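Inspection log for the structure reproduced underneath, given as structure tokens.
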Amino acid sequence: MTSPCTIQQRGSVELFFYDELDPAARDEMVAHLRVCGDCAGALEDLNVIRKVLAGRPDVSAPPAGDWSGFTRRLDAAILRPSTSYTGLLATAALLAIVALGVYVASRGAGSFTVQPANIASDGGRTSVATTGMKAVGAQHLERSKLVVLGLASKEAGGTPTEDWAYERELATSLLKDTRLYRLAAEERGLTSLAGVMRDLELVLLETSMAEGTNQRALGQIQRIIEKRGLIEKMDAVPTVGM
Amino acid sequence: MKDRIPAVVFALALAGAALMPPSVAAAEPQSSPRMEKAKNYIAEEQWSRAIDVLRAASADPKERSRDEALFWLAHSLHQARDLSGAVEIIAQLERNFPASRWVKPARSLRVELAQKLRRDDVLWWTATSPLPPPPPPTPAPVAVPAPPAPGPRPPVLPHAVTPPAPPPPPTPPVPPRASRPRDVPPIPPPPPPSAWVSEFSGSDRDLRIQALGSLMRTDAPRVIPMLREIALESGSPREASRAVFVLAQSGRPDAHSTVLEVAKRGAELVSVAAVRELGRFGGPKVSDDLLQVYGTGNPRVKYQVVSSLGERAATGALLQIVQTESDRGLCDTAIVTLGQAGGRAQLQRLYARGRAEWKRPIITGLFNARAEDELIQIADREIDDEIRREVLARLRLLGTPKAKAYLQKVQVSR
């Protein structure tokens, strides 16, 4: 077993990828990449991650009324027969999206710097509660992606021993919260949020009621996720509006 | 020999299937093609088609998932705005399959229907019914020999389909007041409204919370003490946290003070949940409340207070914590959170005080706040090489034009 290239160990490939090398070092790196398989492979892996991340839909401008198809793209990104680390990297990238989403949602704002909460200047309770409900909804949707993305990326026709116990367990614990949040969102007139919560509730209910390694049930759940365009809606609602 | 392998494998598979415990085999009810079709209609929100298929499935004695069919039928009727039809089907499900696992979600649906139809008596019945005994070990659906065939619906429901907010019942049952003295025997729950529930109906704590959430609109003074009791005395932190959410999102001052009490007195996880909801739903003065909780809370609660203050961008309160907290981890977290909350000026002032243990978290906080100017100033003035290198690394990661220009300048001058 050979040890990896020392240039790669120094992190120069990452600096090159992010265009942070000075011109001379960049030229040296270009020359090095032509002869070093380790570094060329590492660069290719970084490109795969970028491609997967860039392939996400533009959630700020969803196609009118058409929420379907994300699952197909997700399958294409994840389930495609992969070589080397591509599949793992794509999955890692998706997990990174989820983790980042949870983090951002937990901060209650769309960037790392929190904007002051929209506290009602008139002291009105309604807008405080509505703002709070939006924060609750956004965080809950991000948390629920762990279930929904997990289910969507499983192979329904695959080996029957593939268990989805994790998703079923998590779905059971999320279901009651989802119902409560949906009712609260409906009461506050947050119709988009309530609509996504309704779809999510359906998926979580089906998931929590499914038994063992029932692959047909998994296929059914995946159809609901796809037909309702749930993943795209969960992405879009916190950014586009409640 | 090679030809025999498939036969051996097949025989082993058969043996395995035969040896499988009945509970495992029974736990894999395969949906019939009809049920799959119905669920496809549900997924596509084609409610009338789903209703037709589910009616047929629920009436067919050969259908293996009649209980499930009844649940989805009630669900679809609800979605199709046939609320009275949905109530009937739920009653049918409870009557014919009392042990089915689909009964629980169906009951939850009934609470929602009662809320829509303003049947507060049903909601109160749900909120005050005795809790069920622990579930039996094998909750398999109970098969009923002959379910009632579909036919004309019994005229038990007084409501038309999608009525425009029917009037409240003339004499609504009086719920027990949670504030009664403990030595007074509990008031029995009100008689169930017969059109909605039967001897097969029941409630549990989740349904209670859901019903109380609906009743908050009309009966808050009675509801709040009951939710308080669940929040402080339930053995389940998740149930208690849901009760806290219902209280907090009501926006009522008396509910707010109850959440504050739970934050101070509740079990650890419930207290954390209460702090989180105070942060989300509290009014402009909630930072003071959160600081009060901080003063009495254990470390886990304190971390949640810091996080909630960060979400509210309460930089003043965070600064107060940084200046008074002796626990290093909490202090560091408060500093980093101060950056996320936009407290660039406060962080810069803290840095100027020169306390060595604060420097790294302050740099992290400024980085999270993308405070390039402040980081550049620190890089200019810092004499500790190691810390300076760290600041430069952060500027490199920021990669803004100003940061890049500064890094270039530093490189040239070296």
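A quick yes/no check of all residues on (1) of a type in the set (A, V, I, L, M); (2) at pLDDT below 50; (3) surrounded by 11 or more Cβ atoms within 10 Å (Cβ to Cβ):
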residue: B:LYS2; (1), (2), (3): no, yes, no
residue: B:GLY16; (1), (2), (3): no, yes, no
residue: B:MET20; (1), (2), (3): yes, yes, yes
residue: B:GLU36; (1), (2), (3): no, no, yes
residue: B:ASN40; (1), (2), (3): no, no, yes
residue: B:ALA43; (1), (2), (3): yes, no, yes
residue: B:VAL53; (1), (2), (3): yes, no, yes
residue: B:ASP60; (1), (2), (3): no, no, yes
residue: B:GLU63; (1), (2), (3): no, no, yes
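Pick from B:GLY342, B:GLY354: which is touching a residue at least 12 places away in the same chain (Cβ under 8 Å) and outside any helix (DSSP H, G or I)?
Values: B:GLY354 fails: touching a residue at least 12 places away in the same chain (Cβ under 8 Å).
Only one candidate passes the filter, namely B:GLY342.
How many residues does region B:61-89 hold that are more than 12 Å from chain A (Cβ to nearest Cβ), under 30 Å from B:PRO193 (Cα atoms) and without any contact (Cβ under 8 Å) to a residue 40 or more places away in the chain?
Qualifying residue count, region B:61-89: 8.
Condition test on B:ARG118, is it within 24 Å of the chain's Cα centre (by Cα) and either β-branched (Val, Ile, Thr) or over 20 Å from B:ASP204 (Cα atoms) (or both)? Give the derivation first.
On the way: within 24 Å of the chain's Cα centre (by Cα): yes; either β-branched (Val, Ile, Thr) or over 20 Å from B:ASP204 (Cα atoms) (or both): yes.
Taking the combined requirement at face value, the residue satisfies it.
How many residues are assigned to a helix (DSSP H, G or I) and more than 25 Å from the chain's Cα centre (by Cα) if we restrict to region B:285-316?
Final tally of qualifying residues: 7.
Among the candidates B:GLY316, B:GLY283, B:GLY354, B:GLY329, single out the residue that is under 17 Å from B:ALA263 (Cα atoms) and either out of contact with any helix residue (DSSP H, G or I) (no Cβ under 6 Å at 6 or more places or on another chain) or within 14 Å of chain A (Cβ to nearest Cβ) (or both).
B:GLY283
The values are calculated or read from the model by the stated rules, or taken from the named source; none is laboratory data. This one's a predicted model, so the numbers in the text were calculated from it and none came from an experiment. Every residue, glycine among them, receives a Cβ derived from its backbone with ideal geometry; neighbour counts consider all protein chains shown.
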